[in-house]
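Engineer: Here it is, the structure in full.
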Amino acid sequence: KQWYQRRVRGAKSMKFVDGLMIHTGEPKNLYVDTAVRHVLLRQGVLGIKVKIMLPHDPQGKIGPKVPLPDHVSIAEPKDSDSKIEHPYSTCVEKQEPQILPVEA
């Protein structure tokens, strides 16, 4: 018997990441554009996956109209004329529960 030693090369993967990328939920379907290509080389097959997160666009031309759900917008405070000077509370009378007759 003769034994031959075989050199097996495992698949290598490299990741290049820059910025924010969402991975879950419905916003992923709206905001993330993906593409996969396979390149045939002499050494084997090279696979390339690209994910691009689109920007929010209110007009919907270069990105989705729907804003991200975790987006928080802070409104300007109202005029000081509508400011409550003295806090107050109102008392609401409690109503007794009504007992309805049961028909037999």
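The values are calculated or read from the model by the stated rules, or taken from the named source; none is laboratory data. Quantities reported herein were computed from a predicted structural model and do not represent experimental measurements. Glycine also receives a Cβ, built like all others from the backbone with ideal geometry; neighbour counts cover every protein chain displayed. The area values use the complete protein model at the heavy-atom level, side chains included, leaving out ligands, DNA and RNA. Shrake-Rupley method; radii C 1.70, N 1.55, O 1.52, S 1.80 Å.
Engineer: I need the full set of residues from the range 23-45 which are under 30 Å from residue 12 (Cβ atoms) and either open to solvent by less than 100 Å² (accessible area, probe 1.4 Å) or of a type in the set (D, E, K, R) (or both), in order please.
Structural biologist: The answer is 28, 31, 32, 33, 34, 35, 36, 37, 39, 41, 42, 44.
Engineer: Give the residue, chosen from 48, 52, that is closer than 22 Å to residue 17 by Cβ, surrounded by fewer than 10 Cβ atoms within 10 Å (Cβ to Cβ) and either at pLDDT 90 or above or of a type in the set (D, E, K, R) (or both). Outline the logic, then answer.
Structural biologist: On the way: 52 fails: surrounded by fewer than 10 Cβ atoms within 10 Å (Cβ to Cβ).
Only one candidate passes the filter, namely 48.
Engineer: Condition check: surrounded by fewer than 10 Cβ atoms within 10 Å (Cβ to Cβ), at pLDDT below 90, under 31 Å from the mean Cα position of the chain (by Cα) and not acidic (Asp, Glu). Does residue 71 satisfy that? Working first, answer last.
Structural biologist: Values: surrounded by fewer than 10 Cβ atoms within 10 Å (Cβ to Cβ): yes; at pLDDT below 90: yes; under 31 Å from the mean Cα position of the chain (by Cα): yes; not acidic (Asp, Glu): yes.
Against the criterion (surrounded by fewer than 10 Cβ atoms within 10 Å (Cβ to Cβ), at pLDDT below 90, under 31 Å from the mean Cα position of the chain (by Cα) and not acidic (Asp, Glu)), residue 71 qualifies.
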